[in-house]
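Engineer: The structure that follows is given in the form of structure tokens.
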Amino acid sequence: MVAFSGVAMANTLALKEGKKEKQKKEVVLKVQDCTTKAMNYIDRVYDGNGTHSAEQNYAAYQGYYQACEDAKTPQN
């Protein structure tokens with residue numbers, strides 16, 4: 001009976017740790033700053049195939065970054 005209780009408790013502990021890890025990952029994903037979001041946008045969406053110039057990428061990055069920052073600012 002003691003061994004059974006120990007196994008049951010170990011499984012519960014592993015489950016709780018798994019939930020904490022998942023929560024940490026979700027928080028990290030939600031807290032990405034505008035710099036990271038803008039860089040990811042350029043790399044994955046806007047110029048994923050590398051056809052835009054550095055100037056075009058920079059302009060798109062600045063636009064995305066500014067829109068992201070503006071969205072965080074409360075409107076009056």
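Engineer: So is ASP43 without any contact (Cβ under 8 Å) to a residue 60 or more places away in the chain and open to solvent by 90 Å² or more (accessible area, probe 1.4 Å) or not?
Structural biologist: Working: without any contact (Cβ under 8 Å) to a residue 60 or more places away in the chain: yes; open to solvent by 90 Å² or more (accessible area, probe 1.4 Å): yes.
So ASP43 passes the test.
Engineer: Among the numbered criteria (1) open to solvent by 60 Å² or more (accessible area, probe 1.4 Å); (2) modelled with pLDDT of 95 or more, which one does TYR61 miss?
Structural biologist: (1)
The values are calculated or read from the model by the stated rules, or taken from the named source; none is laboratory data. Bear in mind that the values here come from a model prediction, so they are computed numbers and not experimental data. All Cβ positions, even for glycine, are placed from backbone atoms using ideal geometry, and neighbour counts span all protein chains on display. Protein only, heavy atoms only, side chains kept; ligands, DNA and RNA dropped before computing areas. Shrake-Rupley method; radii C 1.70, N 1.55, O 1.52, S 1.80 Å.
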